[in-house]
Amino acid sequence: MAILVKNIKQLVQAEPKKIKFRAGKEMQNLPVIDNAYLLTEGDKIKDFGKMEDLNASILAKVKEPIEEIDATGRLVFPSFCDSHTHIVYAGTREVEYIDKIKGLSYEEIAQRGGGILNSVLRLHNTSEEELYDAAWQRLEEMASYGTGAVEIKSGYGLSTEDELKMLRVIRRLKENSPMLIKSNFLGAHAVPAQYKQNPDEYVDLIINEMIPMVAAEDLADFIDVFCDKGFFTCEQTERMLMQGIKYGLRPKIHANELDYSGGIQVGVKYNALSVDHLEYTGDEEIAALKGSETMPTILPGAAFFLGMVCAPARKMMEAGLPVALASDFNPGSCPSGNMQLVVAMGSVMYKMLTEEAINATTINTAYALGEHEVVGTITKGKKANFFITKPMDTIYFMSYGFGSNKVDQCFLNGKRV
Ligand code: NIG
Ligand code: FE
């Protein structure tokens with residue numbers, strides 16, 4: 001069934017050409033068509049434009065029956081792309097959350113055996129089926145808030161067996177969900193307790209056993225390392241990334257959340273698709289990112305939840321860099337995958353204009369997923385992943401009206417979800 005959405009008050013991110021991302025000042029440019037239509041056929045965007053240009057010959061080319069939807073008073077956006085999540089996990093971590101409220105830092109909680117290692121233990125004791133069901137529900141909730149593409153990391157296994165278990169869950173989600181899903185192997189999320197005295201032994205296990213096995217089953221698109229103070233050093237990160245690249249996994253890494261760790265520079269050196277978090281980003285890090293193919297990605301939900309300093313988004317954009325915003329949905333530092341909230345946080349916390357925040361959550365995160373040719377803008381031939389909002393006047397309401405769900409109907413692959 002083809003879909004014709006008519007009388008759209010504003011069709012947002014309507015971009016005739018396939019672009020890679022928007023950077024610097026260009027992030028203020030968000031193409032919008034007033035009083036527009038959007039036509040899909042099969043799972044793709046077939047056409048779009050001004051209502052006055054919609055005519056019978058455009059519709060005559062469609063080979064399927066057409067469902068018409070009247071979007072008077074409503075906006076249409078391309079689905080959000082969420083390029084950083086950890087949604088395969090078992091159980092929640094409220095106890096630790098209370099510790100945080102009492103003032104313990106992320107590192108202090110990690111040192112007490114809480115944090116990531118807490119989720120590792122729970123995941124070990126949870127079946128693949130239960131993990132799948134819980135992650136499926138999270139995906140459904142994310143879709144209801146307008147997300148259409150998502151990256152999912154492993155990293156709560158930290159043993160060969162449990163990392164593979166997580167990645168197999170992600171593979172099943174990929175096979176069954178209408179979302180576009182990319183998989184990221186994050187064996188180096190934390191050092192497991194039994195390797196505390198000799199973390200290099202764990203790094204060796206990742207290099208010699210996990211990466212080859214992950215690649216043999218074709219279970220991941222990317223490789224990730226938490227390259228930061230108290231987690232993995234730059235040298236360890238380099239060793240793991242080199243092996244990952246050898247096995248066809250492009251790096252996308254956690255960097256500079258806790259310190260000027262050198263993680264950003266390591267990411268750029270190994271042509272990471274993105275470096276994520278970035279609270280500790282200074283002039284040197286910005287200089288390293290300039291001219292690279294690496295998308296600087298900020299995770300406002302985690303910074304909000306942990307009460308961190310904000311990454312210098314404005315400074316990065318002023319330096320001409322692109323900025324992407326993703327959710328980091330995970331049980332420890334951001335138990336939410338609501339990308340509308342991420343847009344609002346982009347504006348409130350990082351002083352990003354609504355246009356910048358929408359570019360940062362659509363085309364720039366599509367790039368950070370390696371899928372900018374396929375999703376992220378309303379462009380002919382791209383996947384028909386979009387949503388129709390509840391009645392609203394302007395795009396600015398998307399970053400202003402925080403907390404409520406502004407999405408009314410979602411479509412993925414040209415089908416209502
Ligand atoms: O992206 N920074 C590292 N890892 C996650 C947190 C995961 C957790 O606490 O469970 C993050 O914030
Ligand atoms: Fe993360």
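Looking across the stretch 137-166, the residues that are touching a residue at least 24 places away in the same chain (Cβ under 8 Å), away from ligand 2 (no atom under 16 Å from the Cβ) and more than 16 Å from the chain's Cα centre (by Cα) come down to 159, 160, 162, 164, 165.
Cβ-Cβ contacts under 8 Å between residues 6 or more apart (or on different chains), taken from a first residue in the stretch 280-309 that is over 20 Å from residue 27 (Cα atoms) and touching a residue at least 40 places away in the same chain (Cβ under 8 Å) to a second residue that is more than 12 Å from ligand 1 (Cβ to nearest atom) and of a type in the set (Val, Ile, Thr), are listed as 301/342; 303/309.
Any residue in the stretch 388-406 that is in contact with an Asp or Glu (Cβ under 7 Å, 6 or more places away or on another chain) and in a helix (DSSP H, G or I)? Steps first, please.
Filtering the stretch 388-406 down to residues in contact with an Asp or Glu (Cβ under 7 Å, 6 or more places away or on another chain) leaves 388-390.
Retained after the next criterion (residues that are in a helix (DSSP H, G or I)): none.
No, every residue in the stretch 388-406 fails to be in contact with an Asp or Glu (Cβ under 7 Å, 6 or more places away or on another chain) and in a helix (DSSP H, G or I).
Taking residue 230 as meeting all but one of (1) within 16 Å of ligand 1 (Cβ to nearest atom); (2) in a helix (DSSP H, G or I), write down the number of the exception. Unmet for residue 230, out of (1) within 16 Å of ligand 1 (Cβ to nearest atom); (2) in a helix (DSSP H, G or I): (2).
Take the stretch 257-272 and flag every residue that is crowded, with 24+ Cβ neighbours inside 10 Å and in contact (Cβ under 8 Å) with a residue 40 or more places away in the chain. Selection gives 257, 267.
Need at least 2 residues that are more than 16 Å from ligand 1 (Cβ to nearest atom) per element, so show me which helices (runs of 4 or more DSSP H) inside the stretch 269-368 make the cut, counting only ones lying wholly within it. Quick ask: steps written out before the conclusion?
Values: elements: 283-289, 300-306, 313-318, 339-350, 354-361, 363-368.
Of the helices (runs of 4 or more DSSP H) lying wholly inside the stretch 269-368, those with at least 2 residues that are more than 16 Å from ligand 1 (Cβ to nearest atom) span 283-289, 313-318, 339-350, 354-361, 363-368.
Among the conditions (1) part of a strand (DSSP E or B); (2) surrounded by 15 or more Cβ atoms within 10 Å (Cβ to Cβ); (3) out of contact with any Ser or Thr (no Cβ under 6 Å at 6 or more places or on another chain), the only one that residue 135 does not satisfy is (1). Mind listing whichever residues of the stretch 51-72 are touching a strand residue (DSSP E or B) at 6+ places or on another chain (Cβ under 6 Å) and among the charged types (D, E, K, R)? Listed by number, the residues that qualify are 64, 67, 68, 70.
Looking at 174, 102 in this structure, which one is without any contact (Cβ under 8 Å) to a residue 60 or more places away in the chain and within 14 Å of residue 220 (Cα to Cα)? Steps first, answer last, please.
Details: 102 fails: within 14 Å of residue 220 (Cα to Cα).
Testing whether each residue is without any contact (Cβ under 8 Å) to a residue 60 or more places away in the chain and within 14 Å of residue 220 (Cα to Cα) leaves just 174.
When you scan the stretch 90-127, how many residues do you find that are assigned to a helix (DSSP H, G or I), within 18 Å of residue 186 (Cβ to Cβ) and within 11 Å of ligand 1 (Cβ to nearest atom)? Matching residues across the stretch 90-127 total 9.
Tell me which helices (runs of 4 or more DSSP H) are completely within the stretch 151-220 and hold 2 or more residues being within 22 Å of residue 328 (Cβ to Cβ), or say none if there are none. Before you say what the answer is, go through the steps one by one.
Working: elements: 160-176, 199-205, 211-216.
Once the helices (runs of 4 or more DSSP H) in the stretch 151-220 are filtered for at least 2 residues that are within 22 Å of residue 328 (Cβ to Cβ), what remains is 160-176.
Within the option set 203, 214, 225, 191, being more than 27 Å from residue 383 (Cα to Cα), within 15 Å of ligand 2 (Cβ to nearest atom) and of a type in the set (A, V, I, L, M) holds for one residue only, 225. Count of the stretch 319-343 residues, restricted to those that are under 18 Å from residue 264 (Cα atoms) and away from ligand 2 (no atom under 16 Å from the Cβ), is 5.
Of all residues in the stretch 55-89, which are in a loop (DSSP other than H, G, I, E, B) and crowded, with 19+ Cβ neighbours inside 10 Å? Talk me through it step by step, then tell me what you get.
Going through the stretch 55-89, the residues in a loop (DSSP other than H, G, I, E, B) turn out to be 55, 61-65, 71-74, 79, 83-89.
Scanning the stretch 55-89 gives 71, 74, 79, 83, 84, 85, 86, 87, 88, 89.
When 119, 83 are checked against the criterion of being at pLDDT 90 or above, within 16 Å of ligand 2 (Cβ to nearest atom) and more than 30 Å from residue 375 (Cα to Cα), 119 stands alone in meeting it. Scanning the stretch 240-256 for residues that are part of a helix (DSSP H, G or I) and surrounded by fewer than 19 Cβ atoms within 10 Å (Cβ to Cβ) yields 242, 245, 246. When you check residue 48 against the structure, is it more than 30 Å from residue 254 (Cβ to Cβ) and either among the aromatic types (Phe, Trp, Tyr) or touching a His at 6+ places or on another chain (Cβ under 7 Å) (or both), yes or no? So residue 48 fits the description; yes. Give the residue that is surrounded by the most Cβ atoms within 10 Å (Cβ to Cβ), with candidates limited to residues of the stretch 170-186 that are farther than 21 Å from residue 111 by Cβ and in contact with a Gly (Cβ under 9 Å, 6 or more places away or on another chain). Checking each candidate, the answer is 185.
The values are calculated or read from the model by the stated rules, or taken from the named source; none is laboratory data. Everything numeric here is computed off the predicted structure, so don't read it as measured data. So basically every Cβ, Gly included, is an ideal-geometry build from the backbone, and we count neighbours across all protein chains shown.
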